[in-house]
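Q: The structure under discussion is supplied below as structure tokens; questions concerning it will follow.
Derivation of every value follows stated rules applied to the coordinates shown; laboratory data play no part. Quantities reported herein were computed from a predicted structural model and do not represent experimental measurements. Cβ: placed from backbone, ideal geometry, glycine included. Neighbour counts: every protein chain shown.
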Amino acid sequence: ASVTRDRLSTDMWRALSELDDLAGAQSSIVSEMDVIEFAQRALRILAALAGFVHENMTRLFAWRFLEMGRRIERALALCRFTRRFAFDTSWQEGLDALLELADSQITYRNRYVIRAVAPALDLILLDENNPRSVAFQMGRIGLSLAELPGHERGGPLNDAERIVARLRTDHQVADPRNIRATDLLATERRLMDLS
């Protein structure tokens, strides 16, 4: 950020400085409550930075790459969280953690009466209307790719577009009751290829 300081607004620079200060203070974390407080503070700063990018940055190619990178990172994180908490822990404990990490607990409670893995996987991985889902990220990445140079509307897909099309198709036809950790690992690999 210091290299591009002249391109950053004062508010964005303050948020980045606050994040840098917070990162320097992580050695003072000693308890579980410290970890939670640290994470919540970091998320607030990151949300502010995302807001600055979304509201203040012109929608040119650099913004599209930044947007795609953010979407890829979110999709990767969701896949990794899901592998860890939906398959590697007791389902009740893991489900609560997964919904919290995916910031989807309110939507889940409004939509489902019971706690079960398949509905959570549907919401977090496959729901194209949930802005925190993998499917939503794929849709946004596809839109950004369509705006980059070299894209021909109606023309053949380039390599990146093929990866996104394959991922979107896989998610559209997936049955949340049949999703396994190996499926998520395959999605992660494709996301890394896309990156």
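Q: So which trypsin sites (Lys or Arg not before Pro) in the range 31-72 are both in a DSSP loop and have at most 13 other Cβ atoms within 10 Å of their Cβ?
A: Arg59
Q: So for the range 69-195, averaging the separation of alpha carbon pairs under 8 Å that are six or more residues apart and normalising by length, what relative contact order in percent results?
A: 29
Q: For the range 150-157, take each phi angle, set θ = phi - 60°, evaluate the Karplus expression 6.51 cos²θ - 1.76 cosθ + 1.60, and give the result in whole Hz per residue in order, putting x for glycine and proline.
A: Residue by residue, the range 150-157 yields x, 8, 10, 4, x, x, x, 6 Hz.
Q: Then there is this: Evaluate the relative contact order of the range 14-141 (contact order divided by residue number), counting alpha-carbon pairs under 8 angstrom at least 6 apart; express in whole percent. If you can, show how the numbers build up before the last one.
A: Details: 102 pairs, mean separation 25.5, N = 128.
That works out to 20 percent.
Q: Among all helices in the chain defined by DSSP H, which have a length of 24 Å or more along the axis from Cα atoms plus a Kyte-Doolittle mean of at least -1.0? Walk me through the numbers on the way to the answer.
A: Working: long enough: 32-56 (36 Å, 0.47); 61-87 (38 Å, 0.04).
Once both thresholds are applied, what remains is 32-56, 61-87.
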